[in-house]
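The values are calculated or read from the model by the stated rules, or taken from the named source; none is laboratory data. In this text the structure is predicted, and so the values were computed from the model without any measurement. For neighbour counting, all protein chains shown are included, and Cβ atoms are generated from backbone atoms with ideal geometry for every residue, glycine included. These accessible areas exclude ligands, DNA and RNA; they are computed on the full protein's heavy atoms, side chains included. Shrake-Rupley method; radii C 1.70, N 1.55, O 1.52, S 1.80 Å.
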Amino acid sequence: MTTSLLTTVSAALPGALRKLDPRLLLATPVMLVVEVGAVTTTVLSVLDPSALAVLVSLWLWLTVLFGNLAESVAEGRGKAQAASLRALQQETTARRLDRRGEEEQVSSTSLRVGDLVVVEAGERIPGDGDVVEGVASVDESAVTGESAPVIRESGGDRCAVTGGTTVLSDRIVVRITSAPGQSFVDRMIALVEGSQRQRTPNEIALGVLLGALTIVFVVVCATLYLIADHSDADQSVVVLVALLVCLIPTTIGALLSAIGIAGMDRLVRRNVLAMSGRAVEAAGDVDVLLLDKTGTITHGNRRASALLPAGGVPEAELAEAALLASLADETPEGRSIVDLVGSTYDGVPAGASLVEFSATTRMSGLDLDGRSVRKGAASATSRWVLDGGGVASPEVDAAVQEVSASGGTPLVVAERVGDGPARLLGVVHLKDVVKDGMRERFAELRAMGIRTVMVTGDNAVTAHAIAQEAGVDDVLAEATPEEKLALIRREQQGGRMVAMCGDGTNDAPALAQADVGVAMNTGTTAAKEAGNMVDLDSDPTKLIEVVEIGKQLLITRGALTTFSIANDVAKYFAILPAMFVVAFPQLEVLNVMRLSSPESAIVSAVVFNALVIVALVPLALRGVAYRPSSAADLLRRNLLLYGVGGLVAPFVGIKLLDLLVSLVPGL
Ligand SMILES: Nc1ncnc2c1ncn2[C@@H]1O[C@H](COP(=O)(O)OP(=O)(O)OP(=O)(O)O)[C@@H](O)[C@H]1O
Ligand SMILES: [K+]
Ligand SMILES: [Mg+2]
């Protein structure tokens, strides 16, 4: 314990000393004032040496150093993780495809956005990108810490790969999406090292308040100096500087940035990367959580499992049409249909014009020799059939109901030949599995007062079946990306804080609009870039921890601010009588502490002021204990504990220190 403390402190010391640079202290004006005070008293103690001046100078320097140490220790906690991430950035050889599709060996550092590279089993993926061809199992443990391999495949919401991870089986072609130096791992390193941290609006506001308090106390001390001057109670500049430092909010000033860094670090430890501190704070106040279904609540490997033909349609005819409609469909759903039926074609027939799937049309297929085949969401495909002069099919309706009620996704298959009427051919059953433990965790979110809403492009029956199984509070079905975005805006206009969890490119606008946008690590690059957090475990209920950490961060900052200000007020009453009692004997009634001399009082107060910072570093780093309860309750408890504690502590602490300090000759 003591040795680990020593190593932590000695590792943080060089950083803390570097932070004595006044330019770096500009960000915390309170500490800058202390440093200016330290310089002043140091100069005075050289010009006119005295025990008082020397001791005050020493302890003022220590005050600044303790604050810097707190920040450095907070930053240091991410260093080891950054080092292991750096190992992933090693230069490797990449197998780049040139325009003719031929392979050339290049260094991974020379890859550019848009380059295509081949990666095979046993090889390391040379950069961030999207799989554009093939399926592979990938070991991402170096980034996520999760040892089970993950599937990465082209076309769908699981196409994004991270540079530095290793392909375990098969062969994939990856289109590079980030330039060297701007990769996901680069961002992760900057994040865990704290180098990218920007102060949040709340922190800036608190900084302004602390700055204003500092100015007030500078004026108070200057006034005291003038009063003292006029009344023969001459106070030296050293004493007034010491008094000033005791009165300004040094405790919170010293710990503010450490509190923020430690909050981000707690998230990283839970495998959540927060790209902005503002999002972490917002998480503390979340009212509604929206979740995408496929890939977020479910595992996302939606696969075709059965064919359900319409009345009078032979299964082989449905199979052939479903196959044709999927030949050019590079989504996992499309490929799973080809797998189920077994391809009889050698690639996409020449002359076919392709209709790619989009989240807005919810259909895909192709046109070939006057024949059109389509597959897609029941509502979209039925409309296509009716528009094409076709009629509804009771068997198809029944199959759609049956598949949906089981929580599966029905894809309706239809065709139209020449100018004839369009025909419904049947249904493909796509199966997906809800992730483990969702129900209990959503119940926990409910207990925290957070409403969960599943937003999905799937039909209402499927959506309700999955919602029922996962235990979410509400559902929005057949939602287009625009509708997801509109729902978030509506909630926000109602004054609610909105979190969104999603994995797909079609979730990206919503992830960007939400106050807290958590992208699943299994998701697409677009989703990860749009959100302000990435969950490496791809667990949407991780929001529970994110909310707790956000609340804890806000409470910790509030508690230490309360303590700091209460503390400063108490110090004022603890030491002022001692300082002025010689000149104004009437103050004797206020001199309840009976400190041994004015000099000893002032030194004790300065020492106490510095030691309080050290004493509170563990609390700043760990965060105050968080129990789920109402905001009003939390506020009351904290005001009581840290406010009253802050008022009492200086009287006890300064008295005890005075007993020691008064032993120093000359005080
Ligand atoms: N490859 C495809 N071809 C045709 N239709 C598809 C294909 N993939 C999905 N669909 C249909 O489009 C609907 C919406 O698509 P998608 O799953 O991308 O929406 P989403 O909003 O991301 O919802 P979620 O991810 O929650 O299911 C699906 O429910 C399905 O009916
Ligand atoms: K202070
Ligand atoms: Mg999706």
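Couple of notes before you dig in:
- Relative contact order for the chain, counting Cα pairs under 8 Å that sit 6 or more residues apart, in percent: 14
- Counting only protein heavy atoms and a probe of 1.4 Å, the accessible surface of the stretch 108-179 is 48% carbon and sulfur.
- Once backbone amide H atoms are built at 1.01 Å from N, Val355 has Gly365, Leu366, Asp367 as its partners under 5 Å, excluding neighbours fewer than 5 places away on the same chain.
- Projecting the Cα atoms of Ala160, Pro314, Gly389 onto the dipole axis of the chain, where Lys and Arg carry +1 and Asp and Glu carry -1 at the beta carbon, places Ala160 farthest toward the positive end.
- Separation of the Val433 and Thr8 label points, Cα + 7 Å toward Cβ, nm: 4.1
- For the stretch 123-163, the Cβ-based charge dipole about the Cα centre amounts to some 40 debye (Lys, Arg positive; Asp, Glu negative; other atoms uncharged).
- Between Glu440 and Ala316, full extension at 0.36 nm per residue minus the direct alpha carbon distance yields a gain of 40.3 nm.
- A cut-off under 15 angstrom between Cβ atoms defines the neighbours of Asp436, and their net charge, with Lys, Arg +1 and Asp, Glu -1, is -3.
- Furthest towards positive pole of dipole, Ala74, Gly127, Pro22, structure part the stretch 1-145, Cβ charges: Pro22
- Taking packing as the residue-averaged number of other Cβ atoms within 10 angstrom, the listed peptides 238-249, 328-339, 208-219 run from highest to lowest as 238-249, 328-339, 208-219.
- Computed Kirkwood radius, in angstrom, where 1/r is averaged over Cα pairs of the chain: 28.8
- Whole-number accessible area per residue in Å² for the stretch 327-467, which is evaluated in the context of all protein chains at 1.4 Å: 44
- Of Tyr626, Tyr345, the residue with the largest accessible area leads and the full order is Tyr345, Tyr626 (1.4 Å probe).
- Ordered from highest to lowest accessible area with the whole protein assembly present and a 1.4 Å probe, Val592, Val614 read as Val592, Val614.
- The stretch 325-394 and the stretch 400-427 have Cα centres spaced 10 Å apart.
- Mean Cα-pair separation over length for the stretch 105-251, i.e. relative contact order, pairs under 8 Å, 6 or more apart, %: 24
- Net charge of neighbours whose Cβ lies under 15 Å from the Cβ of Ser137, counting Lys and Arg as +1 and Asp and Glu as -1: -3
- Given charges at Cβ of Lys, Arg, Asp, Glu: the chain dipole, positive-most of Thr561, Val661, Gly347: Val661
- Calculated translational diffusion coefficient of the stretch 238-355 (4 °C, 1.567 mPa s; Stokes-Einstein with Kirkwood radius over alpha-carbon pairs) equals 63 µm²/s.
- Heavy-atom surface analysis with a 1.4 Å probe gives the stretch 180-302 a carbon and sulfur content of 57 percent of its accessible area.
- Paramagnetic reach from Asp170 in the stretch 287-301 [backbone N under 13 Å; point 7 Å along Cα→Cβ]: 301
- Taking amide hydrogens as placed 1.01 Å from N in the peptide plane, the amide H of Asp515 sits under 5 Å from those of Val498, each at least 5 positions away in sequence or on another chain.
- Here the relative contact order of the stretch 465-578, from alpha carbon pairs under 8 Å that lie six or more residues apart, stands at 15 percent.
- Its Cα centre serving as origin, the stretch 540-631 has a Cβ charge dipole (Lys and Arg +1, Asp and Glu -1) of approximately 340 debye.
- Net length gained if the chain between Gln401 and Arg451 were fully extended (0.36 nm per residue, minus Cα distance): 15.2 nm
- Potential lengthening between Val582 and Leu641 on full extension [0.36 nm per residue; Cα-Cα distance subtracted]: 17.7 nm
- Under 13 Å, Cβ to Cβ, from Ala283 - net charge with Lys/Arg +1 and Asp/Glu -1: -2
- Taking packing as the residue-averaged number of other Cβ atoms within 10 angstrom, the listed peptides 357-366, 410-419 run from highest to lowest as 410-419, 357-366.
- Of the GluC sites (Glu not before Pro) found in the stretch 73-135, the ones in coil according to DSSP and having at most 14 other Cβ atoms within 10 Å of their Cβ are Glu91, Glu102.
- A 1.4 Å probe over all protein chains sorts Tyr225, Tyr642 by accessible area into Tyr225, Tyr642, starting with the largest.
- Table column - 3J(HN,Hα) (Hz), the stretch 656-663, Karplus curve with 6.51, -1.76, 1.60, x for Gly and Pro: 5, 5, 4, 4, 6, 4, 5, 6
- Extent of the stretch 22-171 along its three principal axes (Cα atoms, max minus min coordinate, largest first): 81, 33, 24 Å.
- Near-label residues of the stretch 11-32 by backbone N, under 16 Å of a point 7 Å along Cα→Cβ of Val43: 22
- Separation of the stretch 638-654 and the stretch 49-122, taken as the distance between their Cα centroids, equals 41 angstrom.
- Charge dipole (debye, nearest 20) of the chain; +1 at Cβ of Lys and Arg, -1 at Cβ of Asp and Glu: 1820
- In sequence order, the stretch 605-616 has phi-based couplings of 5, 5, 4, 4, 4, 6, 5, 4, 4, 4, 4, 9 Hz under the Karplus curve 6.51 cos²θ - 1.76 cosθ + 1.60, θ = phi - 60°, and Gly or Pro positions carry x.
- Probe 1.4 Å - accessible area at Val56, Å² to nearest ten: 0
- Listed residue pairs exceeding 24 Å between alpha carbons, taken from Lys375/Lys542; Lys19/Lys551; Lys484/Lys528: Lys375/Lys542; Lys19/Lys551
- For peptides 619-625, 456-462, sequence by mean Cβ density within 10 Å, most packed first: 456-462, 619-625
- HN-Hα J in Hz across the stretch 497-513 - Karplus 6.51, -1.76, 1.60, θ = phi - 60°, x for Gly and Pro: 8, 10, 10, 9, 10, x, 10, x, 4, 6, 8, 4, x, 5, 4, 6, 7
- Nonlocal amide H pairs with Val455, under 5 Å, H built at 1.01 Å: Leu291, Asp292, Lys293, Leu476
- Take the stretch 79-176 with all the other protein chains still there, run a 1.4 Å probe, and you get 47 Å² of accessible area per residue.
- Surface share of carbon and sulfur [accessible, 1.4 angstrom probe, percent] for the stretch 615-667: 76
- Cross-link reach is defined here as a Cα-Cα straight distance under 26 Å, omitting same-chain residues fewer than 8 places apart; for Lys655 the lysines meeting it are Lys571.
- Between the stretch 598-614 and the stretch 153-232, the Cα center-to-center distance that results, in Å: 33
- Taking all protein chains together and rolling a 1.4 Å probe, Asp287 ends up with roughly 60 Å² accessible.
- The overall shape of the stretch 82-168, judged from the alpha-carbon gyration tensor, is oblate: a/c is not under 1.5, and a/b is no greater than b/c.
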